[in-house]
Structure formats: structure tokens, C-alpha cells
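Remarks on the structure that follows.
The values are calculated or read from the model by the stated rules, or taken from the named source; none is laboratory data. These numbers were taken from a predicted model, which means no experiment stands behind them. Virtual Cβ from ideal backbone geometry, glycine too; neighbours counted across all protein chains shown. Only protein heavy atoms, including side chains, enter the accessible area calculation; ligands, DNA and RNA are left aside. Shrake-Rupley method; radii C 1.70, N 1.55, O 1.52, S 1.80 Å.
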Amino acid sequence: QMIAKVARSQAPVHISGDSGTGKELAAKLIHESGPRADGPFVPVDCGALPESIIESELFGHERGAFTGAVGAPGLFRMAKGGTLFLDEIGELPVAMQAKLLRALQQKEVRPVGGSGAVPVDLRVVSATHRDLAAMVETNRFRMDLFYRLNVVRIEIPPLRERLEDVPLLVQHFLDKQRRSGVVIDGVADDALARLMEHDWPGNVRELENVI
């Protein structure tokens with residue numbers, strides 16, 4: 001219900017939750033249920049980008065900006081008219097946080113090696129498994145960027161706190177297996193009971209792997 005309500009606005013959304021709870025799935029649903037559904041959904045794993053190329057990956061670069069540079073628009077411009085999903089935003093280096101804040105405030109990016117700024121029109125959804133508020137207190141995350149991203153916050157609880165969802169998820173993943181050609185009649189009661197007793201440290205991702 002919260003996702004449906006949030007999707008209709010253009011406000012930045014921050015999704016928090018443990019790894020495997022479905023943060024990217026929630027971000028996609030926000031995009032697909034909102035006014036930018038016809039635009040692209042561009043996910044970015046901030047923790048997987050080497051620090052040396054983060055700026056170029058996000059903002060793009062001009063041909064010849066550095067050795068081997070052939071020119072690229074960057075992920076911000078690729079998300080034009082749609083949604084940019086900044087996953088694991090807590091992994092972003094502090095120096096890059098300042099540049100990201102400026103891009104969000106000014107609604108423009110400056111490609112590496114470029115002489116001018118390029119306007120960008122997109123919605124930003126961010127996510128992390130870390131406690132950003134605690135990182136702000138220890139100066140590992142910029143307070144101004146935190147409040148820029150955390151306009152609307154959605155917290156996805158771990159699976160152990162919503163075990164009533166397990167039978168629904170089991171059925172969903174069984175149906176998914178059937179669509180791929182696997183023959184499965186169903187789940188025995190004792191098997192489902194065992195699944196309901198587990199605390200699922202890997203959350204929904206772990207449950208899917210078990211099925």
C-alpha cells in the first residue's frame with residue numbers, strides 16, 4: 001500500500017532492509033507503478049563500482065577525457081525520463097557523495113572531461129542494508145545527501161519477522177519453477193512446517209534458493 005502511494009509522487013524514496021529482502025524488487029514496483037513507467041529503470045550497484053571509475057560511470061565522460069576514453073553518456077543520462085536506482089548507496093565514497101548531491105540538487109551532471117553541464121530528468125530511488133543515520137553520526141555519510149535521498153523511507157522487514165509470508169512465497173517460487181518446465185506437485189505439510197520454523201538469515205533470496 002505504501003509503495004502504491006509513493007509511486008504516484010515524484011519524491012525520492014530510500015529503501016532499507018537486510019540483504020535478500022527484495023529492495024530492488026520494491027524499487028522496480030515503484031517505477032512500474034508511477035508516472036515514469038514508460039521510461040527506463042536503471043539499477044546501479046554502488047558497492048560494485050571501482051572508486052576510480054564511479055564518476056565516469058554515473059555522469060559519463062567525453063572522448064579523450066582519459067586514456068582509452070571513447071565517450072559514454074553515463075547512467076544518469078541513460079535513466080532520462082525514468083528511474084535511477086542507486087543500490088547499496090552506503091558504499092559510495094564520501095568524496096563521490098558530494099558530487100552526487102550536487103547532481104541531484106542542480107538536476108544536471110558534468111561529464112568527465114566535459115566543459116559544460118547536461119540537464120537530467122529522472123527519479124532517484126536508493127537502497128542500502130546499512131544504517132545510514134548511524135553512518136551520518138560517524139561522518140561516513142553526508143547528512144545533506146541523506147536528507148536529499150531519505151524524503152520517503154520504506155523499510156522492508158526481514159523474512160523472520162513476516163513468516164506468514166512464507167507459504168505465499170513458496171507457492172510463488174513453485175509456480176516459477178513450473179513455468180521453467182520442472183514438474184512439482186506441491187509442498188507437503190511437514191515440509192512447509194519446517195520452512196516456517198527456519199529463521200531465514202538470507203531472507204527471500206535464501207528461500208528461493210531452497211525451493
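Annotations for the structure displayed:
- The count of lysine pairs in the chain whose Cα atoms are under 16 Å apart, excluding pairs fewer than 8 places apart on the same chain, comes to 4.
- Measuring only protein heavy atoms, the 1.4 Å probe finds M143 accessible over about 110 Å².
- Vicinal HN-Hα couplings computed from phi for the stretch 115-122 (Karplus, 6.51 cos²θ - 1.76 cosθ + 1.60; Hz; Gly/Pro x): 9, x, 8, 10, x, 10, 10, 7
- Most positive-pole-ward Cα, V166, Q97, T128, against dipole of the stretch 50-169 from beta carbon charges: Q97
- The charge dipole of the stretch 1-133, taken about its Cα centre with unit charges on the Cβ of Lys, Arg, Asp and Glu (plus for the first two, minus for the last two), comes to roughly 520 debye.
- Amide hydrogen neighbours beyond the local backbone of F41, cut-off 5 Å, H modeled: T83
- Secondary structure note: in the chain, about 15% of the DSSP beta bridges are antiparallel.
- Furthest towards positive pole of dipole, G81, A117, G186, structure part the chain, Cβ charges: A117
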